[in-house]
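Written out below as structure tokens is the structure these notes cover.
The values are calculated or read from the model by the stated rules, or taken from the named source; none is laboratory data. Every value quoted in this text rests on a predicted model; they were computed, and no experiment measured them. Cβ atoms come from the backbone with ideal geometry, glycine included; neighbour counts cover every protein chain shown.
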Amino acid sequence: MKKAIEFLRTTYLRGPNIWTYRPVIEAWVDLGELEDFPSNTLPGFFERLTGMLPGLIEHHCGVGERGGFLERLQEGTWMGHIMEHVAIELNNLAGLQTGFGQTRSTPVRGVYKVAVRARNEQVGRAAIVAARDIVMAAINDQPFDIDHTVQQLRDLVDDHHLGPSTACIVAAATERRIPHIRLNEGNLVQLGHGKAQRRIWTAETDRTSAIAEGISSDKDLTKSLLKSVGVPVPEGEVVDSPEAAWAAAEDIGLPVVVKPTDGNHGRGVSMDLKTREDVEKAFEFAARHGSEVMVERCIPGVEHRLLVVGGKVAAAARGETAWVVADGVATLRALVDAQINSDPRRGTTELHPLARLNLDDDTAIRNELARQGYTPDSVPAAGQRVLIQRNGNVAFECTPEVHPEVAAMVGLAARTVGLDIAGVDVVAEDISKPLHAQGAAIVEVNAGPGLLMHLRPANGEPRPVGAAIIDHLFPADASGRIPLVGVTGSTGTTRVARLISSLLLMAGRHVGLACRDGLFLDRRRIDAGDASRWDAGQRILINRKIDTAVFEHHPAGILGDGLPYDRCQVGVVTDADGLAGLADWHVVEPDHLYKVLRTQVDVVDESGLAVLHAAEPMLVEMADLCDGAVVLYALDGQLPALAAHRADGGRVLFAREGQIVLADGAQEQIIAPLPGESDTGDAAGTLAAVAVATYFGVSPALIAAGLEAGLGMSRA
């Protein structure tokens with residue numbers, strides 16, 4: 001019996017970090033005695049682990065092909081590495097697909113850092129703990145309930161991860177490299193940063209007006225507005241009693257539909273009513289689901305849901321009625337289970353496009369059976385076809401079938417109500433024909449429509465509804481981004497960040513600044529605490545006023561949180577002197593520090609700029625890592641690194657005879673006098689700030705004025 005692997009620290013790195021651009025769970029684990037027992041020394045371990053998790057065969061690992069990890073497992077690898085792959089597999093089984101993981105040793109024998117991509121913090125933390133327990137069960141030949149563990153992880157996904165509709169929109173934003181920030185524990189998400197941001201709440205956006213939502217929730221008002229612009233709607237009226245409902249039905253003409261005026265998702269709706277008894281029962285049913293009840297003409301045909309985004313049809317789904325055929329022996333309850341609920345597409349989770357039918361809990365189904373003279377326990381005659389559910393099951397993909405006139409009509413309906421995103425319910429016998437030609441009609445226009453029917457249809461291919469919503473919110477030339485500047489190092493970084501912010505403010509920008517002196521919006525300090533960590537950076541990014549943001553990052557913050565953004569326009573690295581303060585992170589060698597500092601350079605955008613201190617050879621080496629351009633700076637203009645960069649046509653800044661000189665290749669320009677700071681580190685930091693300012697087009701005159709005034713030099 002081997003002693004369990006011990007967790008020393010588990011950290012959720014929420015932004016780009018030393019491992020990857022994406023959030024990860026980083027677990028420090030102590031293998032203890034297992035440091036002396038790689039996988040190939042434990043008889044039966046391979047068979048037991050792969051028996052519990054057969055999906056491990058899909059892991060490529062360092063071999064680079066299917067089965068690569070199993071090859072490593074048989075050759076012999078250590079338990080930290082194995083935990084990494086088990087955690088990856090558990091995330092995949094829980095529905096959060098990932099493939100990234102890394103395991104590295106530390107200077108302490110038997111202690112490893114295990115990093116695994118974590119799309120959700122709660123699921124990631126639970127997966128790494130479960131991975132340890134599974135590995136130990138395989139080592140000690142003990143039983144382990146994998147199915148129960150996976151279900152627990154799936155429950156965590158349901159409780160804590162974005163819902164599938166919101167997740168598909170966020171995924172489409174990510175595909176276009178539009179960043180996102182989750183603003184609550186639910187589905188309120190910011191897309192983009194600062195003044196370029198938009199917000200969604202599932203399928204509602206910050207363009208969805210409260211007035212339009214109010215109109216859509218009032219079915220009678222909606223019908224009145226649609227009718228006034230020529231959209232076909234069923235004749236109907238609001239009633240206040242069962243007797244009035246029957247009187248309205250007689251006036252309209254049978255059959256009729258009875259429904260709440262402010263219901264949704266088909267709740268309280270009864271269709272194809274032909275008798276007084278049915279109409280009056282339907283009134284009572286509808287009254288329980290809404291504030292008022294409406295009676296309207298029953299339109300012949302099938303229910304369709306058309307998703308309208310920005311006035312255009314993005315997807316369409318058709319409903320199907322549900323029937324059973326009796327055998328003269330089984331009850332309707334049993335027939336429903338055998339003929340309808342046995343369909344693998346039906347279930348109780350969002351993974352199933354069709355819902356299971358429950359005759360005991362669904363009043364609409366029981367009412368439908370009662371109109372036919374049945375109860376759930378009835379045994380109809382053999383061969384009798386019984387209608388179980390008239391409306392619902394709207395999950396059958398039919399977007400290519402939608403007639404252009406129908407698309408135009410539902411687009412008009414959404415615009416008339418005022419919704420930028422709407423679910424328009426159409427009843428028609430054939431959606432490929434114009435509505436007027438077949439007596440079809442639009443029966444509802446809904447705000448905040450569900451997207452699942454289009455993402456997981458019961459037939460056909462999913463529709464790219466997330467991309468349609470993103471394209472609606474962000475035209476092709478919009479990225480949702482504002483310029484971000486990150487400054488890291490260990491010496492003078494607060495001063496550099498404040499000076500950059502001040503120079504950009506002078507140029508007329510609205511700047512958010514997060515640094516160790518506090519949190520600033522333009523020139524106003526709103527928080528006096530240390531604001532150089534992840535959460536403070538997020539506060540800057542959600543502010544709708546700012547068009548530029550500056551962040552100070554200490555290496556310890558990168559190690560403990562990651563960066564608060566995925567990409568930046570400018571990354572500044574001032575020095576490589578911070579090794580002494582990072583021992584608690586097992587960062588004890590220069591190459592360890594290099595990996596931390598390079599995080600700032602790794603996230604510079606292709607159109608952006610890395611600003612690196614050329615007096616630090618380690619930082620000069622980072623130039624090759626930058627996706628964008630590179631500016632090198634140093635007080636000594638004769639440094640070989642500056643000369644080499646200039647010879648390659650690169651941009652450099654240096655000091656000469658008290659002046660700041662900007663050189664592009666062989667061309668030189670005097671920017672401003674260099675303030676007479678006594679500290680050479682401060683003087684070099686001034687060059688870094690000026691490099692950023694010139695990148696953003698701040699004029700030499702403004703830079704000179706700012707430096708002369710001492711902007712950003714003193715603490716608030």
I need the full set of residues from the range 295-335 which are touching a helix residue (DSSP H, G or I) at 6+ places or on another chain (Cβ under 6 Å) and either at pLDDT below 90 or not in a strand (DSSP E or B) (or both), in order please. Gly310, Gly311, Val324
By residue number, the members of the range 594-648 that are in contact with a Phe, Trp or Tyr (Cβ under 9 Å, 6 or more places away or on another chain) and aromatic (Phe, Trp, Tyr) are Tyr633
If Val631 satisfies all but one of (1) touching a residue at least 40 places away in the same chain (Cβ under 8 Å); (2) within 20 Å of Asp577 (Cβ to Cβ); (3) not polar (S, T, N, Q), what's the number of the condition it fails? (2)
Candidate set: the range 1-14, residues that are modelled with pLDDT under 95 and not charged (D, E, K, R); chosen: the one nearest to Gly537 (Cα to Cα): Ala4
Ile500 being aliphatic (A, V, I, L, M), touching a helix residue (DSSP H, G or I) at 6+ places or on another chain (Cβ under 7 Å) and farther than 21 Å from Cys568 by Cβ: no
Of all residues in the range 248-267 being at pLDDT below 85 and under 18 Å from Asp362 (Cα atoms), which is surrounded by the fewest Cβ atoms within 10 Å (Cβ to Cβ)? His265
Residue check: is Thr399 of a type in the set (Ser, Thr, Tyr), surrounded by 16 or more Cβ atoms within 10 Å (Cβ to Cβ) and under 25 Å from Asn459 (Cβ atoms)? yes
Examine the range 646-660 for a residue that is part of a helix (DSSP H, G or I), within 25 Å of Thr488 (Cα to Cα) and aromatic (Phe, Trp, Tyr), and state whether such a residue exists. no
What is the one condition in (1) crowded, with 18+ Cβ neighbours inside 10 Å; (2) in a strand (DSSP E or B) that Gln102 does not satisfy? (1)
Those residues of the range 445-460 which are closer than 16 Å to Gly319 by Cα and surrounded by fewer than 24 Cβ atoms within 10 Å (Cβ to Cβ) amount to Gly450, Leu452, Leu455, Arg456, Pro457, Ala458, Asn459, Gly460
Which residue is nearest to the chain's Cα centre (by Cα), if the candidates are limited to the range 175-213 and must be assigned to a helix (DSSP H, G or I) and of a type in the set (A, V, I, L, M, F, W, C)? Ala196
Pairs, please: C-beta under 6 Å, at least 6 apart or cross-chain, first residue assigned by TED's automatic domain parsing to the domain that holds Leu612 and crowded, with 20+ Cβ neighbours inside 10 Å and in the range 673-687, second at pLDDT 90 or above and among the hydroxyl-bearing types (Ser, Thr, Tyr)? Leu687/Tyr633
When Glu552 is evaluated against the numbered criteria (1) at pLDDT 95 or above; (2) assigned to a loop (DSSP other than H, G, I, E, B); (3) in contact with a helix residue (DSSP H, G or I) (Cβ under 7 Å, 6 or more places away or on another chain), which criterion, by number, is the only one it fails? (2)
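Residue-by-condition table, conditions (1) free of Cβ contacts under 8 Å to residues at least 60 places away in the same chain; (2) in a helix (DSSP H, G or I); (3) touching a Leu at 6+ places or on another chain (Cβ under 8 Å):
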site	(1), (2), (3)
Met1	no, no, no
Asn17	no, no, yes
Arg22	no, no, no
Leu49	no, yes, yes
Gly62	yes, yes, no
Glu65	yes, no, no
Thr77	yes, no, no
Asn92	yes, yes, no
Leu96	no, no, no
Pick from the range 286-297, criterion surrounded by fewer than 24 Cβ atoms within 10 Å (Cβ to Cβ) and not charged (D, E, K, R), ranking: farthest from the chain's Cα centre (by Cα): Ala287
Answer with yes or no whether Pro16 is buried (at least 17 other Cβ atoms within 10 Å of the Cβ) and closer than 27 Å to Gly163 by Cβ. yes
Which of the residues spanning the range 583-622 are hydrophobic (A, V, I, L, M, F, W, C), in contact (Cβ under 8 Å) with a residue 12 or more places away in the chain, assigned to a helix (DSSP H, G or I) and surrounded by fewer than 19 Cβ atoms within 10 Å (Cβ to Cβ)? Met618
Matching residues, the range 154-174, being part of a helix (DSSP H, G or I) and in contact with a helix residue (DSSP H, G or I) (Cβ under 7 Å, 6 or more places away or on another chain): Leu156, Val157, His160, Pro164, Ser165, Cys168, Ile169, Ala171, Ala172, Ala173
If you check Leu53, Leu49, Leu96, which single one turns out to be under 35 Å from the mean Cα position of the chain (by Cα), under 24 Å from Asn120 (Cα atoms) and at pLDDT 95 or above? Leu53
Say whether the condition of being free of Cβ contacts under 8 Å to residues at least 40 places away in the same chain, of a type in the set (S, T, N, Q) and crowded, with 21+ Cβ neighbours inside 10 Å is met by at least one residue in the range 159-167. yes
Is it the case that the range 184-199 has a residue that's closer than 20 Å to Ala370 by Cβ, of a type in the set (Asp, Glu) and exposed (fewer than 15 other Cβ atoms within 10 Å of the Cβ)? no
Across the range 233-243, the tally of residues that are under 14 Å from Lys281 (Cα atoms) and either touching a Phe, Trp or Tyr at 6+ places or on another chain (Cβ under 8 Å) or not in a helix (DSSP H, G or I) (or both) stands at 4
Every residue in the range 323-348 that is under 38 Å from the mean Cα position of the chain (by Cα) and touching a residue at least 60 places away in the same chain (Cβ under 8 Å), please. Arg345
Scope the range 368-391; condition surrounded by fewer than 17 Cβ atoms within 10 Å (Cβ to Cβ) and under 26 Å from Gly450 (Cβ atoms); matching residues: Leu387
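Quick one: in the range 478-526, which of the residues that are without any contact (Cβ under 8 Å) to a residue 12 or more places away in the chain and either outside the structural domain of Asp575 (by TED's automatic domain parsing) or part of a strand (DSSP E or B) (or both) is farthest from the chain's Cα centre (by Cα)?
Checked the range 478-526; the qualifying residue farthest from the chain's Cα centre (by Cα) is Arg524.
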Quick check, is Arg356 in contact with a Ser or Thr (Cβ under 9 Å, 6 or more places away or on another chain) and basic (Lys, Arg)? yes
Taking only pairs six or more apart or across chains, which ones have beta-carbon atoms under 6 Å, a first residue in the range 563-574 that is among the charged types (D, E, K, R), and a second residue that is modelled with pLDDT of 95 or more? Asp566/Pro179; Arg567/Val603; Arg567/Asp605
